[in-house]
Amino acid sequence: MPKWSMESWLVHGGRPPVEPGQPINQPIEPASTYYAGAEPEYARDGTHGMQALEEAMGPLEGGEAVAFASGMAAAGAIIDLLPMGAVVVAARFTYTGVSVRLRELNDIGRIALRLVDIADTEAVIAAAAGADAIWVESPTNPMLEIADIPAIRAGASGLLVVDSTFATPLGQRPLEMGADVVLHSATKSIGGHSDGLMGIAVTADADRAAALRFRRTILGGAPGALECYLILRGLRTLSVRYERSQASALVLAERLREHAAVERVRYPGLKDDPGYERMRRLMSGPGTMLSIEVAGGAEGAERVARSTDLWVHATSLGGVESLIERRRRWPLESAEVPENLLRLSVGIESVEDLWQDLAAALANV
Ligand SMILES: *Cc1c(COP(=O)(O)O)cnc(C)c1O
């Protein structure tokens, strides 16, 4: 990548060697084992498909990438690196699955968890005194808070992990801001087509990358051959998808703010959003995700989510199709997330169609 921009590397990174007769795309290689005598030997340790995806991803974040079967498999491997009894500082609004796992480990004494408001840098730094790890998510899912990653790094020691799923490598570069490990649920924007699960951890420390790779082997978190192909294929178009979705998200956020049925819009691209200043300083743009709180409480929000035609009522995010869901329909979602909050993942459809469909659904509350 040194020579090229990220947009070009997205298209060209991780391809087979440039030799006549070689395919230009890494083929799907359905093999659990290989003829002995050379690497790879066994698929759980790594395959050519994983290597291609890792080669493409690493330079985008400025480190060495390790691919996992899902974002949660990557998160689990990172957490598994922590010593027994490790003190872990984490955002109050951390992705549900990660929150649940951290709380489980806290309850059995494996770690000691300290929950913080991730946007309150002073509180994070205070809680991080003597901590072994700080688990940052920014922007947070689904509250869209922005963490001041460089300030947290400056004020706190300990392993700094940043879940950068919402931002993608195009939105922010956590390793450059001092993070030790950056995590992506590549299931989301990186894959971009809602057709495969994948997690990616990136670190600039070769020993840590090797340790993560070994966790993958030992915990069995290796991604499958088809998934490696699909997610790398999705990565090729990340920049065009991300830019279009981000532009539409801003248009929708501004219109939603004026809508009578919308009580609050959470989007760091709005000038009066609490995360706006940090987004301008730390990110290339506000991203493709927004949350709204609608009139009529949980019932009103459910009605909106169920009455769209174009927006798909489904969980997950980052795909070409726009998705809408009420987060609190999940029993494990934090009780601090408002009941009437709808999370919107903006896809690449016509923004006018998206607006028309959403406005029609909002007319029901
Ligand atoms: C979805 C998600 C995860 C988990 O990833 P999976 O691929 O679903 O396992 C982790 N963090 C964030 C922010 C997510 O949105």
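Points to keep in mind about this one:
- Segment Glu321-Arg103, extension gain: residue separation times 0.36 nm, minus the distance between their alpha carbons: 75.2 nm
- A Förster distance of 56 Å, applied to the separation of the beta-carbon atoms of Ser334 and Gln22, puts the FRET efficiency at 0.70.
- Highest GNM mean-square fluctuation among Ser322, Ser245, Ser284, for the chain modelled with Cα contacts below 10 Å: Ser284.
- Think of it as helices only: each DSSP H run of n ≥ 4 in the chain is worth -39500 (n - 2.57), and spread over all residues that comes to -11000 deg cm²/dmol at 222 nm.
- Net dipole in debye of segment 6-235 [+1 Lys, Arg Cβ; -1 Asp, Glu Cβ; about Cα centre; nearest 20]: 340
- For Ala249, neighbours were defined as the other residues whose beta-carbon sits under 13 Å from its Cβ, and their charges (Lys and Arg +1, Asp and Glu -1) total +2.
- Calculated FRET efficiency for the pair Glu243/Ser32, C-beta based, R₀ 45 Å, to 0.05: 0.70
- Degrees separating the helix 351-362 axis from the principal Cα axis of the chain, which is the longest one: 50
- For segment 265-365, trypsin sites (Lys or Arg not before Pro) meeting the loop criterion (DSSP other than H, G, I, E, B) and having at most 14 other Cβ atoms within 10 Å: Lys271.
- Where trypsin sites (Lys or Arg not before Pro) fall in DSSP loop in segment 106-175, at most 13 other Cβ within 10 Å: none
- Residue-normalised accessible area of segment 318-365, given per residue in Å² at a 1.4 Å probe: 38
- Cut-off 10 Å between beta-carbons: net charge of the residues surrounding Phe166, Lys and Arg +1, Asp and Glu -1: -1
- Between Glu137 and Ala91, Asp163, the built amide H atoms are under 5 Å apart, and every one of these is 5 or more places off in sequence or on another chain.
- Look at where the Cα atoms of segment 319-365 and of segment 14-36 average out, and the two centres are 40 Å apart.
- Each 10 Å bin from zero up to the one holding the largest Cα-Cα distance in segment 184-242 carries the following percent of pairs: 23, 44, 29, 4.
- Relative contact order (percent, whole number), segment 134-248, Cα cutoff 8 Å, 6+ residue spacing: 20
- Area projected by the alpha carbon convex hull of the chain, averaged over all directions, nm²: 18.7
- Radius 14 Å from Cβ of Ile125, net charge of other residues (Lys, Arg +1; Asp, Glu -1): -2
- Per DSSP, loop GluC sites (Glu not before Pro) in segment 220-276 with at most 14 further Cβ within 10 Å: Glu258
- Whole-number accessible area per residue in Å² for segment 6-235, which is evaluated in the context of all protein chains at 1.4 Å: 39
- Database remark: amide H of Leu270 closer than 5 angstrom to no amide H (H placed geometrically; neighbours at sequence offset of 5 or more, or on other chains; Pro and chain starts carry no H).
- 0 to 90° range, to nearest 10: angle between helix 96-107 axis and the chain longest Cα axis: 70
- Of the accessible area of segment 238-362, computed with a 1.4 Å probe over protein heavy atoms only, carbon and sulfur atoms account for 51 percent.
- Cα extents of segment 238-365 along the three principal axes, largest first (Å): 37, 30, 29
- Segment 6-235, accessible surface, carbon-and-sulfur percent (1.4 angstrom probe): 55
The values are calculated or read from the model by the stated rules, or taken from the named source; none is laboratory data. As the structure is a prediction and not an experimental result, all values here were calculated from the model. Methodologically, a virtual Cβ is constructed for each residue, glycine included, from the backbone with ideal geometry; neighbour enumeration extends over all protein chains shown. What goes into the accessible areas is simple: the full protein's heavy atoms, side chains included, and nothing from ligands, DNA or RNA. Shrake-Rupley method; radii C 1.70, N 1.55, O 1.52, S 1.80 Å.
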